[in-house]
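Below: one structure, written as structure tokens.
The values are calculated or read from the model by the stated rules, or taken from the named source; none is laboratory data. Quick caveat, the model's predicted, so the values are computed rather than measured. In this analysis, Cβ positions are derived from the backbone assuming ideal geometry, glycine residues included, and neighbour counts consider all displayed protein chains.
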């Protein structure tokens, strides 16, 4: 999550789905995504984030909460992990705060890159996804106790492909992502699973990154 300052985000389903032609199933998934996009105003959820480093074959698992809100100046996100680390995206700026050391790592991110990541599975229409990615239907899968429709997205933009090889989304019956996987060109990946999701607008003040006095900001 920290390394790519990428984004994120997902939900679950149940029951088995009868086999169907891939194109018909992709159309059905896209219809659910479009229906959800019409009314999406924000969400809060519990998150489990698994970061895999291929070079050392290591997985780092973090749990916490996420709050996400579409805004005029770009999608806003606040991730709070149980270890204390807090990740914020606002106004196309990514910030990672460590309350223990009172240090903030800050990086400006291109607006199109931020929204391409942060809207994956949350608020983007199928037309927006297809404009930026080659989308393939992979079938239905169980995530926990719920059934999901698994789709893969391969970036069309060379700029995006430098940081992301592909994204996998597991879409719930409500048209929102239950799970998201971002695969890097070097084999690293981030797997984000969401539970106890609550939909609805969130006050902007609840997404502010609150710093202790005299926090040190390191810009990258």
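Things worth noting here:
- Failed condition for residue 138, given (1) under 23 Å from residue 77 (Cα atoms); (2) at pLDDT 95 or above: (1)
- Selection status of residue 144, touching a helix residue (DSSP H, G or I) at 6+ places or on another chain (Cβ under 9 Å) and modelled with pLDDT under 95: no
- Out of 190, 141, sole residue that is part of a strand (DSSP E or B) and surrounded by 19 or more Cβ atoms within 10 Å (Cβ to Cβ): 190
- The requirement of being in a strand (DSSP E or B) and in contact with a helix residue (DSSP H, G or I) (Cβ under 7 Å, 6 or more places away or on another chain) is satisfied by residue 151.
- In the set 167, 198, only one residue is buried (at least 21 other Cβ atoms within 10 Å of the Cβ) and in a strand (DSSP E or B); that residue is 167.
- Count of residues meeting criterion [part of a helix (DSSP H, G or I), in contact with a helix residue (DSSP H, G or I) (Cβ under 7 Å, 6 or more places away or on another chain) and touching a residue at least 60 places away in the same chain (Cβ under 8 Å)] in segment 125-138: 1
- For first residues located in segment 46-73 and at positive phi and loosely packed, with under 11 Cβ neighbours inside 10 Å, partners that are assigned to a strand (DSSP E or B) and at pLDDT 95 or above and lie 6+ apart or on another chain with Cβ distances below 9 Å do not occur.
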